[in-house]
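One structure is given below, encoded as structure tokens.
The values are calculated or read from the model by the stated rules, or taken from the named source; none is laboratory data. Please read these numbers as outputs of a predicted model, since none were measured by experiment. Using ideal geometry, Cβ is built from the backbone for each residue, glycine included, and neighbour counts are taken over all protein chains shown.
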Amino acid sequence: MRLGIDLDGVVAAFNDGWTELHNAEFGGALHPDMVTMWNGLHALAGFDDMASFWAWARGNDTRPSVFRHLDLVPGASETLRRLDDVGHRIVIVTSKPRWAISDTLHWLADHDIPTTEIHFVDRKHEVACDVYLDDAPVVLPDLVTHRPDARVCRFVRPWNTTVAGAHDVESWDEFERLVSRFASGDRDAAQ
């Protein structure tokens, strides 16, 4: 099956990375558990708006963008490798500012993510997959609506809520089990 996998908050520990970098640069004490809303990062980080947050995240002459400073979400790499090993196609489907693409490609290579297909798109439903895994509250309903034959999985996070038609997963192990059930034709998993 084609598995459409989001990056930030799903494979890459985005909130861990940006809060650590922010603390190092500003001497703060932010923690990733403090992130509870989708578009409120600027308020937590002390910026006036999200545009200011992204201007800081972009990097500068002394460091690359925040997208080069991210660790893996626990279990992500190993699970993706196992799914790839049994024949599933790992399709990265992510939304990024244009300036983040180069650092994201470097990050994928640095972490040896098993993919041969990467899409940088805002409308993720335009990339056909059998199963999607995402955490974005604006993306999940769109996938359910525009890809009714696909299985959409919501990676449960504080900034998203249950979406009718999506399967909730709380870990990479749970996602792997669900994909195995989908692949075997388990009708209960499909509901």
Only one of R68, R82 is among the charged types (D, E, K, R) and modelled with pLDDT under 95, namely R68
Might you check whether a residue that is within 24 Å of D173 (Cα to Cα), buried (at least 21 other Cβ atoms within 10 Å of the Cβ) and not assigned by TED's automatic domain parsing to the domain that holds M37 occurs anywhere in region 111-120?
-> yes
Limited to region 91-119, what total is found for residues that are of a type in the set (V, I, T), modelled with pLDDT of 95 or more and out of contact with any helix residue (DSSP H, G or I) (no Cβ under 8 Å at 6 or more places or on another chain)?
-> 2
Cross-chain or 6+ apart pairs with Cβ under 8 Å, region 79-108 first and more than 16 Å from D122 (Cβ to Cβ) and assigned by TED's automatic domain parsing to the domain that holds H119, then in a helix (DSSP H, G or I) and of a type in the set (V, I, T) | L83/V179; H88/V179
